[in-house]
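For reference, the structure is listed below as structure tokens.
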Amino acid sequence: MDYSLMPATPVLIERSSFDQSWGFRLQGGVDFRLPLSIKKVITNSPAHNKLHAGDGLAFIDGRDASLMKHEDAEIMIRNSLRLQLVLRRGQLNTIRPTKSSVKFSPGPNPRANKALHNGTTPNGYRRF
């Protein structure tokens, strides 16, 4: 899809210090093969009512966002007190996981379950 044909909206966001969060979560980048976009906006933040989930980033401080890696965009955003963004309003879907996260624990101790290391089970069936 050619995102350059979508209407662009310039937005200026400012924060008082580097300690203050911008209040939005970024997703995508050329390294993820997805356009950079806004995933989430936190209420009562500098981004509140200026950015919305699903807004695509066309430019960040005059630089073409379609050519940026996620980390490069993140560094530019973190190291600024004033952001001039050009957005494609609500044109991109936010990515949500389809399954809940799974917490992995270390595998069983190989000596803890002797039946796993025997060739057969207690009822005589062979394990593969």
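Here, each number is a calculation from the coordinates, and none is a lab measurement. Nothing here was measured: the structure is a model prediction, and the numbers come from that model. Cβ atoms come from the backbone with ideal geometry, glycine included; neighbour counts cover every protein chain shown.
General remarks:
- Local charge for ASP31 was computed over the other residues whose Cβ lies under 12 Å away, with Lys and Arg +1 and Asp and Glu -1, and equals -1.
- Cut-off 12 Å between beta-carbons: net charge of the residues surrounding ALA47, Lys and Arg +1, Asp and Glu -1: +3
- A simple spin-label model places pseudo-atoms 7 Å from Cα toward Cβ; at ARG89 and THR9 they are separated by 0.4 nm.
- Sequence-distant residues sharing a close amide H with PHE59 (under 5 Å, placed H): ALA65, VAL86
- Label-to-label distance, VAL30 versus ASN49, with points set 7 angstrom from Cα along the beta-carbon direction: 3.7 nm.
- Neighbourhood net charge (14 Å Cβ-Cβ; Lys/Arg +1, Asp/Glu -1) for ARG82: +1
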